[in-house]
Amino acid sequence: MKGEFIYANGMTIGNVRKIAKFYFGSFYVDAKKNDKQMIFEIYLKDKIETKDEVMALSDYIDVDYFKEFWGNAWKLILTKEEDI
């Protein structure tokens, strides 16, 4: 099946954005469809700087559990603060 896809794991891009924003919180940047690979790509910040501290994604989110639960339909892409 080539061309534009709508569903992966029974979810649309709108559902993916809501779940990713809920799960990753402030680390979430955006979610996009990759029509060639037929997956959703989730863009995340690798760290967040606040007045008091620097928070790393791996310290607050269990990324391995997320990947295991959702499988290959979602790809996590880490971005640096200056890339956003």
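Rule-based calculations on the coordinates, nothing more; no lab input. From a predicted model like this one, the values you see are computed outputs, not experimental measurements. Counting neighbours? That spans all protein chains shown, and the Cβs are built from the backbone with ideal geometry, glycine included.
Would you point out the residue of region 1-59, among those that are of a type in the set (Phe, Trp, Tyr) and over 16 Å from Ile77 (Cβ atoms), that is nearest to the chain's Cα centre (by Cα)? Here the residue is Phe22.
Sub-8 Å Cβ pairs linking a first residue in region 19-38 that is closer than 18 Å to Val63 by Cα and free of Cβ contacts under 8 Å to residues at least 40 places away in the same chain to a second residue that is assigned to a helix (DSSP H, G or I) and among the β-branched types (Val, Ile, Thr), at least 6 apart or interchain, are Ala31/Ile13; Ala31/Val16, ordered by first then second residue.
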